[in-house]
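The values are calculated or read from the model by the stated rules, or taken from the named source; none is laboratory data. Treat the numbers as computed from the prediction; the structure is a model and nothing was measured. Positions of Cβ are generated from backbone atoms using ideal geometry, with glycine treated the same way; all protein chains shown enter the neighbour counts. Accessible surface areas use protein heavy atoms only, side chains included; no ligands, DNA or RNA. Shrake-Rupley method; radii C 1.70, N 1.55, O 1.52, S 1.80 Å.
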Amino acid sequence: MASVRDFKLLRGLDEQRIGLEGRASSDDHSAIKLWLRLLACSTQIEQEIRSRLRQRFATTLPRFDYLAQLERHAGGLRMNALSRYLMVTGGNVTGLTDQLVAEGLVERLPDPEDRRSLIVRLTAAGRTRFLEMASEHEAWLVELFDGFDRDMKASLYAALGQLRLHLAGKQADVREAQAATKRRTNERGTERGTERGTGGKDL
């Protein structure tokens, strides 16, 4: 049950801090309310992390995420793979790579499996720099969630995992339906082409 303090905190949120959840109304479907609350929580945490990265390390969240992916893949990554992991365009990754190479945090190397391609990899200085940021990044998140009921935290984590599985299944269903529609469209096109070729007459 919400406490008096909780209600005071909610009233203290201005329009900017309420953000995405401010779009919801009492008449909205529960799915809309849930979606907006998820977005609001994610954005609230992300904005705080962005602010702290900027103030403490004079860096950005995209740069931090870029270095994090390379730290997880010590052997390096091809640019297209890095783009997929970061869910951004190749052009954005190229721009970030140019900056980080110039700062000595990342290096471009020939791909050992395909000499026509390049991989990007953390330098020793890049790894040291990232691990320094990652340590504080983890501490910030621990701080933000500190005091939130442990059981609620575990339940929320499990529920969000189930939600991801549910959404993955829905997306798979949509892709399957789209593929089936495309097959039917192609089959009808082939049938019409056959009819035109025979003049629509039986042979």
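So which helices (runs of 4 or more DSSP H) stay within segment 37-137 end to end and still have 2 or more residues that are open to solvent by 80 Å² or more (accessible area, probe 1.4 Å)?
Working: elements: 61-72, 79-86, 90-102.
Output list reads 79-86, 90-102.
When LEU131 is tested against (1) closer than 30 Å to LEU96 by Cα; (2) aliphatic (A, V, I, L, M); (3) at pLDDT below 90, only condition (3) is not met.
If you check ASP27 against the conditions, is it in a loop (DSSP other than H, G, I, E, B), surrounded by fewer than 14 Cβ atoms within 10 Å (Cβ to Cβ) and on the phi < 0 side of the Ramachandran plot?
yes
Only one entry of GLY90, GLY126, GLY95 meets the criterion of being under 18 Å from the mean Cα position of the chain (by Cα), among the small types (Gly, Ala, Ser) and over 20 Å from SER42 (Cβ atoms), and that entry is GLY90. Kindly indicate whether any position in segment 140-149 is outside any helix (DSSP H, G or I) and among the small types (Gly, Ala, Ser). Yes, there is a match, as at least one residue in segment 140-149 is outside any helix (DSSP H, G or I) and among the small types (Gly, Ala, Ser).
Going through (1) touching a helix residue (DSSP H, G or I) at 6+ places or on another chain (Cβ under 7 Å); (2) at pLDDT below 90 one by one, ARG50 falls short only on (2). For segment 121-170, residues that are out of contact with any Leu (no Cβ under 7 Å at 6 or more places or on another chain) and either at positive phi or basic (Lys, Arg) (or both) total 6.
So how many residues does segment 138-156 have that are more than 28 Å from VAL106 (Cα to Cα) and either surrounded by fewer than 10 Cβ atoms within 10 Å (Cβ to Cβ) or hydrophobic (A, V, I, L, M, F, W, C) (or both)?
Number satisfying all stated conditions: 12.
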